[in-house]
Amino acid sequence: MSATFSLPIIDIGPYLSINPVDPAARKATSEALHAACLEFGFFYLQISAFVDPAVPAELTTLARQFFALPQEEKDKISLSNQDGARGYARLKENVTNGKADNHEGLDFYRPVETPDKSKPVWGENQFPDVPGFKDKYDAWVEKMKTLGLIVMEAMAIGLGMTPDEWHELRSQVDDSFWVMRAIGYPPLPDDSDGFSCGAHKDYGCLTFLYADPTPSALQVFLQQTGGATAADTTGLPAEQGAESGVWINADPIEGCVVCNIGEMWEIWTNGLYKSTLHRVVHRSSNYRVSVPFFFEPNFSAHVKPLAAAKRIQGTDGIPEKKSVVYGEFLVAKVGNNFAGGKGKYDD
Ligand SMILES: O=C(O)CCC(=O)C(=O)O
Ligand SMILES: [Fe+2]
């Protein structure tokens with residue numbers, strides 16, 4: 001694997017309603033999504049026709065203003081005030097694979113009609129007292145929800161789903177129980193044996209990550225297939241488990257978000273698409289900010305292997321993955337956070 005390898009860039013433009021329908025261009029986008037999900041589970045999504053790049057850049061500026069506040073100000077919106085999931089988590093509060101993550105963060109979830117902070121993920125969002133923050137983040141959530149449905153449709157077509165099948169899948173994601181996160185990363189100390197964010201898979205549906213221009217921070221694990229060239233793992237800690245592969249950088253590209261698929265897509269495709277391990281190792285001297293948006297299924301969605309995926313897989317005895325109700329799956333995950341040493345990125 002060459003060190004200069006980079007993930008595919010896929011233009012979502014042909015699926016935007018501002019463009020006239022061009023069937024060949026849509027087909028090319030859907031095929032590229034299918035290939036990228038089979039091979040990497042990670043790709044760049046070119047969205048500059050959909051959002052002005054100045055808009056997400058503003059989000060990182062606002063998050064930076066919040067993270068620069070005194071600790072006691074930030075702690076006023078601690079997630080411990082709420083349901084343990086919505087709000088501010090201090091530097092190193094989250095633990096992944098048994099090690100403290102060298103980041104601080106702010107998490108927002110889809111609001112619920114009758115909040116009850118004694119129930120996991122059922123509390124209220126807590127917004128920082130930074131002028132413009134709530135309005136700009138709310139607007140971004142709306143944009144990303146729209147993008148989520150657009151990408152889902154393009155992926156459904158890439159998977160060969162019929163219009164009826166897409167209609168059914170759409171009903172599982174049309175009221176997404178989304179998560180919006182802003183993460184602040186001080187430099188990882190040279191002598192640290194930990195990570196800025198430990199290796200994990202995203203658990204949901206689609207992640208759209210906007211990050212400031214800092215290079216060499218987000219890394220994606222590519223499994224080594226066949227006996228091709230030796231893995232270039234120079235300077236990289238051994239990967240968890242027995243998989244062999246290579247970590248590649250997924251540096252930001254102007255006009256794009258980094259998109260990856262989560263474990264719900266593994267279930268929908270009965271393992272045909274894999275969600276991919278990634279981590280953050282931020283060793284340069286600046287304070288890095290990233291803003292991932294997690295487009296998730298509806299809370300009540302019953303996620304189970306799709307007929308379209310099974311048609312591709314054939315009938316040769318591939319075991320059927322266990323279905324989940326997304327909300328139950330989420331509560332089992334998030335309910336564990338900050339208790340018993342489990343973090344939000346842990347399995
Ligand atoms: O900050 C990043 O680049 C990635 C963060 C991430 O992987 C996550 O929050 O799930
Ligand atoms: Fe992630």
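Identify, please: which residue in the range 273-287 is in contact with a Leu (Cβ under 7 Å, 6 or more places away or on another chain) and closer than 17 Å to F43 by Cβ and is, among those, farthest from ligand 2 (Cβ to nearest atom)?
Y273
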- Whichever residue in the range 223-253 is modelled with pLDDT of 95 or more and in a loop (DSSP other than H, G, I, E, B) and, among such residues, is nearest to F43 (Cα to Cα): A250
- Would you tally the residues in the range 269-308 being touching a Cys at 6+ places or on another chain (Cβ under 7 Å) and outside any loop (DSSP other than H, G, I, E, B)? 3
- Filtering the range 190-213 down to residues that are more than 9 Å from ligand 1 (Cβ to nearest atom), touching a residue at least 60 places away in the same chain (Cβ under 8 Å), part of a loop (DSSP other than H, G, I, E, B) and over 13 Å from the mean Cα position of the chain (by Cα) yields D190, S192, D193, G194, F195, D212
- Note on the structure: Those residues of the range 171-204 which are acidic (D, E) and near ligand 2 (Cβ under 10 Å from one of its atoms) amount to D202
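Kindly indicate which of I183, I150 is touching a Cys at 6+ places or on another chain (Cβ under 8 Å) and under 25 Å from H278 (Cα atoms). Step through it out loud before you land on a result.
Values: I150 fails: touching a Cys at 6+ places or on another chain (Cβ under 8 Å).
Selected residue: I183, the only one of I183, I150 that is touching a Cys at 6+ places or on another chain (Cβ under 8 Å) and under 25 Å from H278 (Cα atoms).
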- Message: touching a strand residue (DSSP E or B) at 6+ places or on another chain (Cβ under 6 Å), buried (at least 23 other Cβ atoms within 10 Å of the Cβ), at pLDDT 95 or above and more than 16 Å from F43 (Cβ to Cβ): which single residue out of S216, S290 fits that description?
- Response: S290
- Item | Leading residue by the ranking (nearest to the chain's Cα centre (by Cα)) among those in the range 214-229 that are away from ligand 1 (no atom under 12 Å from the Cβ) and of a type outside the set (A, V, I, L, M, F, W, C) | Q223
- Scanning the range 317-334 residue by residue, the ones that are buried (at least 16 other Cβ atoms within 10 Å of the Cβ) and modelled with pLDDT under 90 total 2
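Criterion first (polar (S, T, N, Q) and farther than 24 Å from Y287 by Cβ) does T96 satisfy it? Please lay out each step first, then the result.
On the way: polar (S, T, N, Q): yes; farther than 24 Å from Y287 by Cβ: no.
Criteria not met by T96.
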- Query: All but one of (1) over 30 Å from E31 (Cα atoms); (2) within 18 Å of the chain's Cα centre (by Cα) hold for M144; which doesn't?
  - Reply: (1)
- Message: Against the conditions (1) surrounded by fewer than 21 Cβ atoms within 10 Å (Cβ to Cβ); (2) touching a Lys or Arg at 6+ places or on another chain (Cβ under 6 Å), where does D83 fall short? Just the number, please.
- Response: (1)
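The values are calculated or read from the model by the stated rules, or taken from the named source; none is laboratory data. Just so we're clear, the structure is a prediction, and the values are computed from it rather than from any experiment. Note: ideal-geometry Cβ built from the backbone for every residue, glycine included; neighbour counts use all protein chains shown.
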